[in-house]
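Structure first, then comments.
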Amino acid sequence: MTVFIIKKKRTIFLLCILFLGLVMVSRHDQIIHVVSKNLKPIYSVKTETKQIAITFDISWGKENVIPILKILEEENIHATFFLSSPWAETKAGLVKRIANAGHEIGSHGRRHIDMNTMSESELTKELDLSKTVLENLSGQKITLLRPPNGAYDNQVISLARAKGYRIIQWSVDSLDWKRPGPDAIVNNIINGRQKNKGASPGDILLFHASDSAPDTPKALPVILKTLKAKNYELVPVGKLLENAKESWPPGSSL
């Protein structure tokens with residue numbers, strides 16, 4: 001009887017070790033995050049809906065904005081526009097037009113430089129000034145931030161979160177700023193680039209409405225119609241986050 005009890009305890013112990021091992025494997029990314037405290041922005045979300053967020057960055061120029069707004073209006077789609085505040089200050093009429101059309105506005109910072117190169121005081125000023133400008137011009141509360149060039153570190157994430165921002169990157173990149181031509185932009189979004197998938201539920205798509213991306217208005221109608229034909233709902237980032245079960249990657253936060 002004693003031998004049986006010992007064997008039973010050993011079996012239970014081994015099963016516990018096996019279970020813990022499986023948990024560690026399945027939650028490897030989360031464990032790494034806890035140990036390293038590596039904070040992340042939101043690249044995409046897990047969702048049970050067929051929603052995809054469409055986003056545009058603007059830092060300079062005005063030629064693409066109105067054509068893009070007209071295309072979105074024709075397709076009855078609302079998007080998120082991440083605006084640099086100096087651009088917004090000189091294009092107040094366009095900011096109001098974006099907001100009045102029902103689109104969501106987020107911050108793309110003040111100066112188009114990497115935020116992870118700034119001191120805490122510089123970053124605080126950058127975030128506060130851009131927020132004030134964009135809220136005054138748009139009439140919206142600004143709660144989304146896309147750091148210029150996608151550059152961030154723990155200080156950027158933690159300070160921005162403390163100021164009420166959710167930091168947004170992207171999971172599918174059109175690469176429109178490289179001017180690859182409309183067909184390439186369509187392919188980058190619908191089918192994905194090498195080693196990357198095309199648009200799927202929970203993704204955040206990146207486009208530019210600056211003059212640096214003249215092919216975007218040409219590619220956009222095909223992209224929107226194709227995704228709608230696949231029964232995707234194209235929404236602003238805020239709506240995507242509302243319906244999200246969780247964000248990706250580990251270290252990001254809804």
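The values are calculated or read from the model by the stated rules, or taken from the named source; none is laboratory data. Note that the coordinates shown come from a computational prediction; the quantities given were computed from them, not determined experimentally. Glycine gets a Cβ as well: all are built from the backbone with ideal geometry, and neighbour counts include every protein chain shown.
One table, with the values for the structure above:
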quantity	calculated
Of all residues in the range 215-254 being more than 14 Å from ILE71 (Cβ to Cβ), assigned to a helix (DSSP H, G or I) and of a type outside the set (Lys, Arg), the one that is nearest to the chain's Cα centre (by Cα)	VAL237
Selected residue (criterion: modelled with the lowest pLDDT) from residues of the range 236-254 that are of a type in the set (A, V, I, L, M, F, W, C) and within 13 Å of LEU144 (Cα to Cα)	LEU254
Set ALA101, ALA88, ALA79: member being farther than 26 Å from ALA151 by Cβ and either of a type in the set (A, V, I, L, M, F, W, C) or not assigned by TED's automatic domain parsing to the domain that holds PRO221 (or both)	ALA101
Every residue from the range 90-130 that is charged (D, E, K, R) and closer than 24 Å to TYR152 by Cβ	GLU104, ARG110, ARG111, ASP114, GLU120, GLU122, LYS125, GLU126, ASP128
Sole exception among (1) part of a loop (DSSP other than H, G, I, E, B); (2) of a type in the set (D, E, K, R); (3) buried (at least 17 other Cβ atoms within 10 Å of the Cβ); (4) at pLDDT 95 or above for LYS131, by number	(1)
Among residues of the range 114-130, those that are free of Cβ contacts under 8 Å to residues at least 40 places away in the same chain and under 18 Å from the mean Cα position of the chain (by Cα), counted	2
Any chance LEU240 is buried (at least 19 other Cβ atoms within 10 Å of the Cβ), of a type in the set (A, V, I, L, M, F, W, C) and assigned by TED's automatic domain parsing to the domain that holds GLU120	yes
Lone unmet requirement of (1) assigned to a helix (DSSP H, G or I); (2) surrounded by fewer than 21 Cβ atoms within 10 Å (Cβ to Cβ); (3) of a type in the set (Gly, Ala, Ser) for SER212	(1)
Positions within the range 155-203 being assigned to a helix (DSSP H, G or I), in contact (Cβ under 8 Å) with a residue 60 or more places away in the chain and within 15 Å of the chain's Cα centre (by Cα), in sequence order	ILE157, ARG161
